[in-house]
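Here's the structure we're looking at; comments come further down.
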Amino acid sequence: QVQLVESGGGLVQPGGSLRLSCAASGSIANYNAVGWYRQAPGKRRELVAGIFTVGSANYADSVKGRFTISEDNAKNTVYLQMNSLQPGDTAVYYCYFNIWGRDYWGQGTQVTVSS
(Lines give C-alpha, C1' and ligand atoms only; values in the text may rest on other atoms or scores of the structure.)
Protein backbone atom coordinates (compact mmCIF):
# COMPACT_ATOMS: atom_id res chain seq x y z
CA GLN A 1 0.00 0.00 0.00
CA VAL A 2 1.14 3.51 -0.77
CA GLN A 3 0.94 6.21 1.82
CA LEU A 4 2.25 9.75 2.05
CA VAL A 5 3.37 11.19 5.36
CA GLU A 6 3.78 14.93 5.72
CA SER A 7 5.69 16.90 8.30
CA GLY A 8 7.03 20.39 8.91
CA GLY A 9 3.96 22.51 9.41
CA GLY A 10 3.44 24.84 12.31
CA LEU A 11 3.03 28.40 13.47
CA VAL A 12 5.39 31.03 12.13
CA GLN A 13 5.53 34.81 12.18
CA PRO A 14 5.19 36.84 8.99
CA GLY A 15 8.49 36.87 7.16
CA GLY A 16 9.52 33.54 8.61
CA SER A 17 10.29 30.25 6.91
CA LEU A 18 9.17 26.65 7.05
CA ARG A 19 10.15 23.52 5.20
CA LEU A 20 7.53 20.89 4.50
CA SER A 21 8.43 17.30 3.77
CA CYS A 22 6.40 14.48 2.30
CA ALA A 23 7.68 10.93 2.12
CA ALA A 24 5.97 8.25 0.07
CA SER A 25 6.24 4.65 1.17
CA GLY A 26 4.97 1.36 -0.16
CA SER A 27 5.02 -0.11 -3.63
CA ILE A 28 6.72 2.70 -5.49
CA ALA A 29 8.70 2.05 -8.63
CA ASN A 30 8.40 5.53 -10.04
CA TYR A 31 6.14 8.51 -9.98
CA ASN A 32 4.92 10.72 -12.78
CA ALA A 33 4.35 13.92 -10.85
CA VAL A 34 4.70 15.46 -7.41
CA GLY A 35 3.35 18.63 -5.95
CA TRP A 36 1.98 20.67 -3.12
CA TYR A 37 -1.53 21.99 -2.79
CA ARG A 38 -3.14 24.06 -0.08
CA GLN A 39 -6.62 24.80 1.13
CA ALA A 40 -7.52 27.78 3.27
CA PRO A 41 -10.81 28.03 5.19
CA GLY A 42 -13.68 28.76 2.84
CA LYS A 43 -11.55 28.36 -0.26
CA ARG A 44 -10.94 25.67 -2.83
CA ARG A 45 -7.79 23.61 -2.86
CA GLU A 46 -5.20 25.24 -5.07
CA LEU A 47 -1.92 24.20 -6.59
CA VAL A 48 1.04 25.79 -4.85
CA ALA A 49 3.96 24.10 -6.60
CA GLY A 50 4.36 21.06 -8.75
CA ILE A 51 6.73 19.08 -10.91
CA PHE A 52 4.68 17.60 -13.72
CA THR A 53 7.36 17.37 -16.37
CA VAL A 54 11.02 16.53 -16.00
CA GLY A 55 13.11 19.54 -15.11
CA SER A 56 10.19 21.94 -14.89
CA ALA A 57 8.60 23.27 -11.72
CA ASN A 58 5.37 25.23 -11.69
CA TYR A 59 4.33 27.71 -9.03
CA ALA A 60 1.25 29.66 -8.19
CA ASP A 61 1.76 33.34 -8.94
CA SER A 62 1.24 34.17 -5.29
CA VAL A 63 4.28 32.14 -4.17
CA LYS A 64 6.74 32.66 -7.01
CA GLY A 65 10.08 33.79 -5.69
CA ARG A 66 9.23 32.72 -2.15
CA PHE A 67 8.57 28.98 -2.34
CA THR A 68 10.75 26.26 -3.82
CA ILE A 69 9.76 22.69 -4.54
CA SER A 70 12.39 19.98 -4.65
CA GLU A 71 12.52 16.21 -4.58
CA ASP A 72 14.79 13.38 -3.59
CA ASN A 73 14.03 10.49 -5.92
CA ALA A 74 16.05 7.99 -3.90
CA LYS A 75 13.98 8.74 -0.80
CA ASN A 76 10.66 9.23 -2.60
CA THR A 77 10.38 12.53 -0.81
CA VAL A 78 9.21 15.94 -1.93
CA TYR A 79 9.95 19.17 -0.11
CA LEU A 80 8.51 22.64 -0.07
CA GLN A 81 10.77 25.40 1.19
CA MET A 82 8.64 28.38 2.14
CA ASN A 83 10.31 31.72 2.73
CA SER A 84 8.95 35.19 3.42
CA LEU A 85 5.72 33.68 4.66
CA GLN A 86 2.66 35.90 4.73
CA PRO A 87 -0.67 35.61 6.53
CA GLY A 88 -2.24 34.74 3.19
CA ASP A 89 -0.18 31.55 3.14
CA THR A 90 -2.13 30.19 6.09
CA ALA A 91 -3.74 26.95 4.99
CA VAL A 92 -3.61 23.20 5.24
CA TYR A 93 -0.94 21.98 2.86
CA TYR A 94 -1.25 18.65 1.08
CA CYS A 95 1.42 16.82 -0.84
CA TYR A 96 0.58 14.92 -3.97
CA PHE A 97 2.12 12.04 -5.87
CA ASN A 98 0.98 10.40 -9.06
CA ILE A 99 2.19 6.82 -8.81
CA TRP A 100 1.47 4.21 -11.46
CA GLY A 101 -1.16 6.55 -12.86
CA ARG A 102 -3.03 6.97 -9.58
CA ASP A 103 -3.33 10.03 -7.38
CA TYR A 104 -2.19 9.94 -3.76
CA TRP A 105 -2.52 12.64 -1.15
CA GLY A 106 -0.84 13.33 2.14
CA GLN A 107 -2.85 13.78 5.31
CA GLY A 108 -2.34 17.53 5.33
CA THR A 109 -0.24 19.71 7.57
CA GLN A 110 -1.35 23.04 9.01
CA VAL A 111 0.67 26.15 8.28
CA THR A 112 -0.33 29.24 10.22
CA VAL A 113 1.35 32.58 9.61
CA SER A 114 0.48 35.07 12.32
CA SER A 115 2.10 37.55 14.65
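Can you work out the Karplus-derived ³J(HN,Hα) for every residue in the range 34-46? Use 6.51 cos²θ - 1.76 cosθ + 1.60 with θ = phi - 60°, whole Hz, and x for glycine or proline.
For the range 34-46, the Karplus curve yields 9, x, 10, 10, 9, 9, 8, x, x, 10, 6, 5, 10 Hz.
What is the percent carbon and sulfur in the accessible area of the chain, measuring with a 1.4 Å probe over the protein chains and ignoring ligands?
Roughly 46 percent of what the probe reaches on the chain is carbon or sulfur.
Output ³J(HN,Hα) for the range 26-32: one whole-Hz value per residue in order, computed from phi by the Karplus curve 6.51 cos²θ - 1.76 cosθ + 1.60 with θ = phi - 60°, and x for Gly and Pro.
Couplings: x, 7, 10, 9, 6, 9, 8 Hz.
Using 5 Å bins from zero, what percent of all Cα-Cα pairs in the range 22-67 falls into each bin?
Histogram of Cα-Cα distances, whole percents per bin: 5, 17, 23, 23, 17, 10, 5, 0.
The values are calculated or read from the model by the stated rules, or taken from the named source; none is laboratory data. A quick note: this is a predicted structure, and the numbers were derived from the prediction, not measured. Just the protein is used for accessible areas: all its heavy atoms, side chains included, with ligands, DNA and RNA removed. Shrake-Rupley method; radii C 1.70, N 1.55, O 1.52, S 1.80 Å.
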